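Remarks on the structure that follows.
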Amino acid sequence: MDSMTTVLLGNCRGDDGIFAFSREILFRTAGAWVADTLPHETCGQAYYLCAEDAPAVPGAVSVPCETGKRYEVLASLDEAFQCENVLVVSAPMPELTRRDYLRLLGTHGNAGNDVTVLCCDGGVSERYAIVRDEDDAFVSIAQGEGERALHAAVFRAPVLKEALAAGAGCLYDVVNAAVRSGAQVGVAHVGTVTEIVTGLDAYHVQRRMMERINFFHISRGVMIFAPESTYISPDAVIGAGTSILPGTMIKPGCRIGENAKIGPNTILEQAEIGAGTSVNSSQVYESSIGAEATVGPFAYVRPGCQVGDHARIGDFVELKKAKIGNGTKVSHLTYIGDAEVGERVNFGCGTVVVNYDGYVKSKTVIGDDCFIGCNTNLVAPVTLGDRAFTAAGTTVTTDVPAGALTVARARQKNLEGWNDRRRAAHGQDNG
């Protein structure tokens, strides 16, 4: 097909004040679903027409236009009309696939029509009856109790420009204006879709998109225990043999290896999870976890972390910009921030990497095979050599050589009978 540009329009507010293209469907806006689904190598530059205060669609050019109309098509499209064809998408319809748009474009290009409309079965807000003459030729589209919903159309640019100049204000007006001017009109049909206008529309569409995405992964060997409570972004890559437990949210930018176990009640976002790794009731953001590792329950992996193979990140552990080596165990109640940790290190309960002095965040380096005793404070910047050992309750403020034991706590002193005398002074029996 010849050169083309795309116009997204119809970003009306719902009764709740939210713009149609801005409603969220599985971690992205309805407008982003449309923009991402379009075959961009064919559809070219996308222009977005909306009320002046409406938010922009990612990847599209926002063109202010008149407010107060349900669908807004105005003639401020000089750049769009430089192309030979213009695709007009009248409302966000995330259920339409790339194949549906290619069917529309193919019908238009192969038939040489001036206008080709995409008609969908069903639809919840705008329905149109296709009016034909006695020879079954396309005559017009009538708004009302029709059997089809009109949501998109491809125009030869001069035809669209002429229809707009005649005062047409929405997609079916533009199509009918083109027909009255003698344009040749074709129709491409697709299945049932829902146009997003209200929050209820968005909810129903999200449920169907969840089912489509979850069943896609199930068909490729992923075990999803509760598809109705599992939310997976469409760009997620999940290896065969992986189990997804209930209450899991896999947000955009995630890659999960084979035979992993994710969930229950887990959030991943821009996370890479290695093969055979378990992430249980935890959250991982913009970080990577190696193979055969375990995370959780109740771990929090913040952006910028790299956790190695066979590592253990246990309950109530928080990581931030931390590199954790292979085989290292951080079992519970520990914070590690701005740190580089070697392999086979063992962290005792209650360890804190003290990385922030109120003004500057500093780095801690821990070598291989170290043992960090319970309730250790590592005050950055500090370096522990390989095989260093910190005694329980130690606060480390200077570097520790390889193979050394460091102890930094007050010497224990017992005062015989002190607490019995205190209890007696308060009238308590010492038995």
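The values are calculated or read from the model by the stated rules, or taken from the named source; none is laboratory data. What you see is a predicted model; the values in this text were computed from it and never measured. So basically every Cβ, Gly included, is an ideal-geometry build from the backbone, and we count neighbours across all protein chains shown.
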**Report entry** Residue count, region 281-292 (criterion: under 24 Å from the mean Cα position of the chain (by Cα) and either aliphatic (A, V, I, L, M) or farther than 11 Å from Leu268 by Cα (or both))
**Finding:** 4
Query raised in the report: For region 336-357, which residues satisfy the criterion of being out of contact with any Lys or Arg (no Cβ under 8 Å at 6 or more places or on another chain) and not charged (D, E, K, R)?
Result: Gly342, Gly348, Cys349, Gly350, Thr351, Val352, Val353, Val354, Tyr356
**Report entry** Tally, over region 365-402, of residues that are touching a residue at least 40 places away in the same chain (Cβ under 8 Å) and not acidic (Asp, Glu)
**Finding:** 2
Query raised in the report: Hey, any hits in region 184-191 for a residue that's out of contact with any strand residue (DSSP E or B) (no Cβ under 6 Å at 6 or more places or on another chain), outside any helix (DSSP H, G or I) and not polar (S, T, N, Q)?
Result: no
**Report entry** Scope region 304-319; condition in contact (Cβ under 8 Å) with a residue 24 or more places away in the chain and assigned to a loop (DSSP other than H, G, I, E, B); matching residues
**Finding:** Gly308, Asp309
Query raised in the report: Does Ile238 qualify as being at pLDDT 90 or above and under 19 Å from the mean Cα position of the chain (by Cα)?
Result: yes
Report summary line: When region 352-379 is checked residue by residue, the ones that are under 35 Å from the mean Cα position of the chain (by Cα) and crowded, with 22+ Cβ neighbours inside 10 Å are Val353, Asn355, Thr364, Ile366
Query raised in the report: Filter region 1-58 for residues that are out of contact with any Pro (no Cβ under 9 Å at 6 or more places or on another chain) and at pLDDT 80 or above; which is surrounded by the most Cβ atoms within 10 Å (Cβ to Cβ)?
Result: Leu38
Report task. Go through (1) crowded, with 17+ Cβ neighbours inside 10 Å; (2) in contact with a Lys or Arg (Cβ under 7 Å, 6 or more places away or on another chain); (3) not β-branched (Val, Ile, Thr) one by one and return the number of the condition Met249 breaks. Result -> (2)
Requested in this report: Output the residues belonging to region 388-431 that are crowded, with 17+ Cβ neighbours inside 10 Å and of a type outside the set (A, V, I, L, M).
Outcome: Phe389, Thr390, Thr394, Thr406
**Report entry** Evaluation of Val382 against (1) modelled with pLDDT under 95; (2) among the aliphatic types (A, V, I, L, M); (3) crowded, with 16+ Cβ neighbours inside 10 Å (one fails), failing number
**Finding:** (1)
Report summary line: Quick count over region 256-280, residues being among the charged types (D, E, K, R) and assigned to a loop (DSSP other than H, G, I, E, B), is 1
Query - Checking Ala392 against (1) over 40 Å from the mean Cα position of the chain (by Cα); (2) part of a loop (DSSP other than H, G, I, E, B); (3) more than 30 Å from Ile289 (Cβ to Cβ); (4) not aromatic (Phe, Trp, Tyr), the condition it does not meet - result: (3)
